[in-house]
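One structure is given here, and the rest of the page talks about it.
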Amino acid sequence: MTYYGLEHPNPNKPQFRSDRREAISGCVPVHTVESQIDVHPPDNGAENTAAYLSSRTTYGSYHCIVDADTAIDYAPPSYETWHVAADHHNWHAWGIAFACAATDWGKHPAWDEAALNIAAVKIADFAIWWATNIKGDSREAFLVARKINRSDALARRAGICLHGELQPADRTDAWLNHPDAEQLTKRLVDKVAAVIRERLHPEDEMTPAQEAKLDAVVDDVETIRSKVDHEIRHIEGTLGKQQKLLEQILEKCN
Ligand SMILES: [Ca+2]
Ligand SMILES: [Zn+2]
């Protein structure tokens, strides 16, 4: 894994810190960069954002930036990046940003879907890394695949939240005031859960060939069962005759 921010450290302002001042909580604030959306392939939004983070003269960075065709890892999850000014959330949280503006959601549905899918993969990657390395049990990754609010984040709980919720004084990203805010959050959370499920339980998914094999085995079992049933009925019939004979003998003896 390579990190753009490590390969291109910002000479003007450092954009990360290589150790954390708090335990990594699994809290995932979601951002929009508030950049110009690039809807004409190739989408250079994430690429341009990464270059900006490594040259800007003010503080501001994320662990990951996504657009409709790319995810750029900017700094390792064990590092702090500068994405939520409020309440020391940078100390424990892992930040991901969409290379668009909060007002762009819903205007380019194909872009939204592609970028949400890419973000879901990156959040799921982080969730599994966090669960495995910090919590010691990969199944805890599912804790990240839920919506949390500001008080959850203040309590350092795992989950997905919006920057605007964590810092209501001066932020509304990634989609806090959007009419479809609830739906956008649900879409992202559901996609993250689906990726984690797929990664942690690949045996639940069968290929068509495996399904055909299973059907054949079930058919075999049915055939064997009906043969056994037939044999048992035959044996019962024989035993019945012997029982009757025995009863007749006993009757005569009496
Ligand atoms: Ca791109
Ligand atoms: Zn933000």
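The values are calculated or read from the model by the stated rules, or taken from the named source; none is laboratory data. Remember, predicted model here, so these are calculated numbers, not experimental data. Cβ: placed from backbone, ideal geometry, glycine included. Neighbour counts: every protein chain shown.
Here are the numbers:
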{"quantity": "Strands (runs of 3 or more DSSP E) wholly inside segment 1-109 containing at least 3 residues that are away from ligand 1 (no atom under 16 Å from the Cβ) and surrounded by 15 or more Cβ atoms within 10 Å (Cβ to Cβ)", "calculated": "27-32"}
{"quantity": "Enumeration of residues in segment 96-121 that are within 16 Å of ligand 2 (Cβ to nearest atom) and of a type in the set (D, E, K, R)", "calculated": "Asp104"}
{"quantity": "Candidates Asp170, Asp125 - the one that is of a type in the set (Asp, Glu), at pLDDT 95 or above and either more than 16 Å from ligand 2 (Cβ to nearest atom) or surrounded by 24 or more Cβ atoms within 10 Å (Cβ to Cβ) (or both)", "calculated": "Asp125"}
{"quantity": "Selected residue [within 22 Å of the chain's Cα centre (by Cα) and within 21 Å of Ala181 (Cα to Cα)] from Ala97, Ala46, Ala75", "calculated": "Ala97"}
